[in-house]
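The values are calculated or read from the model by the stated rules, or taken from the named source; none is laboratory data. Computed from a predicted structure; not experimentally measured. All Cβ positions, even for glycine, are placed from backbone atoms using ideal geometry, and neighbour counts span all protein chains on display.
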Amino acid sequence: MTIRFCAILTGLGLLALLIDAQPARGEYLRIDIDVYGMDCGLCARGVAAYVGRMHGVKSVDVSLKKGLLQIVLEPGNTLKMADLRKRIRDNGFRSTDAKVTAKGEFDGARFVVSGCGDSYKLQKAESPGTVELTFAIPTAE
Amino acid sequence: MVRLSQLLVAFACLALSPPLWADGNGPVFGYSTATLGVGDIGVGTDVMWRGGVAMLAPEFTFGWKPNLQLSISAPFHLDHGDHPTGRFMAFSPGDPQVEALLGWRFFHSSSGIGTRNEATVYAGVSALTQDVPRADGPPLQRQPGTYGALAAGHVTRRYDVWIGGGYQHYFRWTSNVVDHQSDSLLSSLVLGWRPSFLNKDSPKPDVRFFWETTAEKVGLAQRGLSPASGGGHDHDGPPPSPDANGIVTLPNSGGTGVFSGPTFLMTYKNVALQGGILLPLLDQPNGIQTHERIRAAGGFTYYFLGRRK
């Protein structure tokens, strides 16, 4: 009886280690993106509502004066930058530069947001590994 | 003239109607470009007043594709006075009919924060819903019509400029009906301005003022001399002579006009309120029709935004 109980405990412990040992999942945490063309309150409201319905988006704040969307994402999201830019384009506006905070894999030259597959060339002093970085994405990427 | 009860009906319709449409850029009478996002819906109504006759114009607009917008409007009479003919608003027929209008934004450039240049071409079809009373005889047996328009604009957070023009044409599709409602050409220039003290950030109310100028040329209507039509008599003087086909060109129809005046657009959350007046700079009817001293329109609108997942 005692042996069987110990075996169960050991099994559970190994399972916990196994789960913990899985690589951390990369994802965007926050995106601030410049949007050109929003000239009115309804424009801003429309694009914020449309982006806000994307899977994994927790909240969207919009500034008409700055032409800025500030997006906070939920843990476990798989949002891709290309999908976000398409949403903005579908509303008749143009997304430009973005500043993102994301968790992902950094190898010293390239940062991969593994949850969605987006990757960026970065020059950062961070050590390689799973890191949380804030960086700018120019319009072209 | 509009009676009090009819005005009450109009305002009751406004108050009780389901959430309503507007076009996002604001001109009340003039042309602007299509602006709804994909999946966005606007439902709304305008009250239009012209030459002593009031109309209510329910409208529905849908953002079909990023640059494709469908709208349906169906203005109808609130009274039965002698009604001026011809289109006087860019996105709503001037007579009782239902019109479906497809707008394609074929040029679009967002060049800065709050700044856009864009152009849209519109094509529409319309069908009669109510007879239009005429002072010179019974209502014309009107046929379906088509409408084509072009609009272009430069929009910023501080000012807007819109220009556009459109042509409404009515067919003679039924062989035994020769009545023909006046075709009309409408053009507009709209200057918009958002004063600094109203240049607030979202989600505060967004208010803009416009100065709209419209120019129109309305053609002559024609009537067949069939027993059903009742002939082509006139207010004063002898009836006009029919041509070889028995068609009378009605002298007291059509004309030329230029109207100009202030309008506004206020949006807050998903609601838009807009309204304004136009005053005549030039009003030259072809005949003895009553001159228009003022044109007025006002509307309450509502948007369903970001519905699509």
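Scanning the range A:100-139 for residues being crowded, with 16+ Cβ neighbours inside 10 Å, among the small types (Gly, Ala, Ser) and outside any strand (DSSP E or B) gives a total of 2. In the condition set (1) more than 20 Å from the chain's Cα centre (by Cα); (2) of a type outside the set (Val, Ile, Thr); (3) away from chain A (no Cβ under 14 Å), residue B:169 is compliant with all but (1). In summary, residue B:19 fulfils each of the numbered conditions (1) modelled with pLDDT of 80 or more; (2) in a loop (DSSP other than H, G, I, E, B); (3) not aliphatic (A, V, I, L, M) with the single exception of condition (1). Against the numbered list (1) modelled with pLDDT under 95; (2) on the phi < 0 side of the Ramachandran plot, residue B:137 comes up short only at (2).
Evaluation of residue A:97 against the conditions (1) in contact (Cβ under 8 Å) with a residue 60 or more places away in the chain; (2) surrounded by 15 or more Cβ atoms within 10 Å (Cβ to Cβ); (3) under 23 Å from residue A:66 (Cβ atoms) shows that the sole unmet condition is (2). Please go through the range A:83-101 and give me each residue that is modelled with pLDDT of 95 or more and of a type in the set (A, V, I, L, M, F, W, C), ordered by number. The answer is A:84, A:98, A:100. Looking across the range A:23-71 at every residue that is more than 19 Å from residue A:81 (Cβ to Cβ) and either in a strand (DSSP E or B) or more than 8 Å from chain B (Cβ to nearest Cβ) (or both), the one that is modelled with the lowest pLDDT is identified as A:23.
Note on the range B:133-185: residues that are hydrophobic (A, V, I, L, M, F, W, C) and closer than 24 Å to residue B:245 by Cα total 6.
Pairing residues of the range B:51-71 that are under 9 Å from residue B:36 (Cα atoms) with residues that are among the basic types (Lys, Arg) and part of a strand (DSSP E or B), at Cβ distances under 6 Å and at least 6 apart in sequence or on separate chains, gives B:67/B:105. Residues in the range B:39-75 that are polar (S, T, N, Q) and either part of a strand (DSSP E or B) or away from every other protein chain (no Cβ under 14 Å) (or both) were compared, and the one that is nearest to residue B:275 (Cα to Cα) is B:45.
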